[in-house]
Amino acid sequence: MTSLAEIAGARYEDPVSEIDWTAVDCECWWMPPGSLSLAGVREFEALPLATRRRVSQLEYVHLLQAGLWLESQFIARLASLSHRTQDPARQRQLLREVREEAGHSLMFVELLQRSGFGIDKRRGAGMRLVEALGGLLPTDTALFWALVVVGEELPDRLNRCVRRGVDEATLSAVVYRIAGIHLRDEALHAAYARRQCRSAAAATPRAMRVALAPLLSLAIDLYARYVYFPGADLYARAGLRPAAGWRRAALANPRRRAQVGELLRPTREFLRRCGWSLAL
Ligand SMILES: [Fe+2]
Ligand SMILES: [Fe+2]
């Protein structure tokens, strides 16, 4: 098995050049049917195959949009941190992450343009609040690294469902490849963020962590809702009406809620081990 150090030292491959873009295919699933927000909802499962596949494509597009937003935040913060650090090894690590996140974003933009889905920059009030709070947060603090762990791990968990779903349905080869490249790099990013999070939390007084824990909890809830429960416009784009009713069905979907609980669990458990007192 390849070690993290070996992967980190490996030659950089531009993800855009690793993909055969002529194979972009909108006639197949982009997310496995069992990983959709409406999976298991009787009325949804009764819809025509083409409609459900379209929802799977739009839900993957939503994941890419969430990725583009997040990566733009990381690139800005990590680039400025790399400029300020005195440690050359740390500077290299941070700049490597900036390069990889830019590579991911280029890959996402390429798929969104070639598939005709385009780029949608709208975000709900919850995410605008997270962005505003994030802007106020000093870089390199315990709360900053806890949020980086959350930001790296939550979309990555859904991305992993794409790779696992290959036996469930015929997935787009391009999407499968994008998901594979992304999770390969994200494994390194998450491992680095966890190390930083652990040491920053250990260096922060307990009283401070207790005081900031509700803010961390709120950010996790808002971000999880944004990543795992797309807005009504997604269902409208897929032709599902009334779109708000379908979104309510997704929010109430017991299967989705259980899946989200499972996807969040490892991150919450890790943060608790770091001394963040998050509610169960
Ligand atoms: Fe990324
Ligand atoms: Fe990342």
Checklist entry - Any idea which residue in the stretch 103-128 is farthest from residue 10 (Cα to Cα), counting only those that are open to solvent by 40 Å² or more (accessible area, probe 1.4 Å), in a helix (DSSP H, G or I) and in contact (Cβ under 8 Å) with a residue 12 or more places away in the chain? => result 114
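Could you count how many residues in the stretch 37-61 are open to solvent by less than 30 Å² (accessible area, probe 1.4 Å), touching a residue at least 40 places away in the same chain (Cβ under 8 Å) and under 17 Å from residue 229 (Cβ atoms)? Before you say what the answer is, go through the steps one by one.
Going residue by residue through the stretch 37-61, those that are open to solvent by less than 30 Å² (accessible area, probe 1.4 Å) are 37-39, 41, 44, 55-61.
Subsequent filtering for residues that are touching a residue at least 40 places away in the same chain (Cβ under 8 Å) retains 37-39, 41, 44, 55, 57-61.
Then drop every residue that is not under 17 Å from residue 229 (Cβ atoms), which leaves 37-39, 41, 44, 55, 58-61.
The qualifying residues number 10.
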Item to check | Set 129, 49: member being under 19 Å from residue 150 (Cβ atoms) and more than 16 Å from ligand 2 (Cβ to nearest atom) | outcome: 129
Checklist outcome for this item: Taking the stretch 160-197 and the residues there that are part of a helix (DSSP H, G or I), open to solvent by 10 Å² or more (accessible area, probe 1.4 Å) and modelled with pLDDT under 90, the one that is nearest to ligand 1 (Cβ to nearest atom) would be 163
Next on the checklist: I need a count of the residues in the stretch 12-30 that are in contact with a Gly (Cβ under 9 Å, 6 or more places away or on another chain) and open to solvent by 40 Å² or more (accessible area, probe 1.4 Å).
Outcome noted: 4
Next on the checklist: I'd like the residue in the stretch 82-97 that is open to solvent by 40 Å² or more (accessible area, probe 1.4 Å) and polar (S, T, N, Q) and, out of all such residues, is nearest to ligand 2 (Cβ to nearest atom).
Outcome noted: 91
Checklist outcome for this item: Given the conditions (1) crowded, with 16+ Cβ neighbours inside 10 Å; (2) in contact with a Lys or Arg (Cβ under 6 Å, 6 or more places away or on another chain), every one holds for residue 150 apart from (2)
Checklist entry - residue 139 versus (1) closer than 19 Å to residue 194 by Cα; (2) within 19 Å of the chain's Cα centre (by Cα): which is the lone unmet condition? => result (2)
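Which is small (Gly, Ala, Ser), away from ligand 1 (no atom under 13 Å from the Cβ) and within 22 Å of residue 83 (Cβ to Cβ), of 135, 124?
Unique residue meeting the criteria: 135.
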Checklist outcome for this item: Within the stretch 82-102, of all residues that are among the polar types (S, T, N, Q) and in a helix (DSSP H, G or I), the one nearest to the chain's Cα centre (by Cα) is 93
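The values are calculated or read from the model by the stated rules, or taken from the named source; none is laboratory data. Given the structure is predicted, the values throughout are model-derived calculations rather than measurements. Glycine gets a Cβ as well: all are built from the backbone with ideal geometry, and neighbour counts include every protein chain shown. Side chains are part of the model used for accessible areas, which takes the heavy atoms of the whole protein and leaves out ligands, DNA and RNA. Shrake-Rupley method; radii C 1.70, N 1.55, O 1.52, S 1.80 Å.
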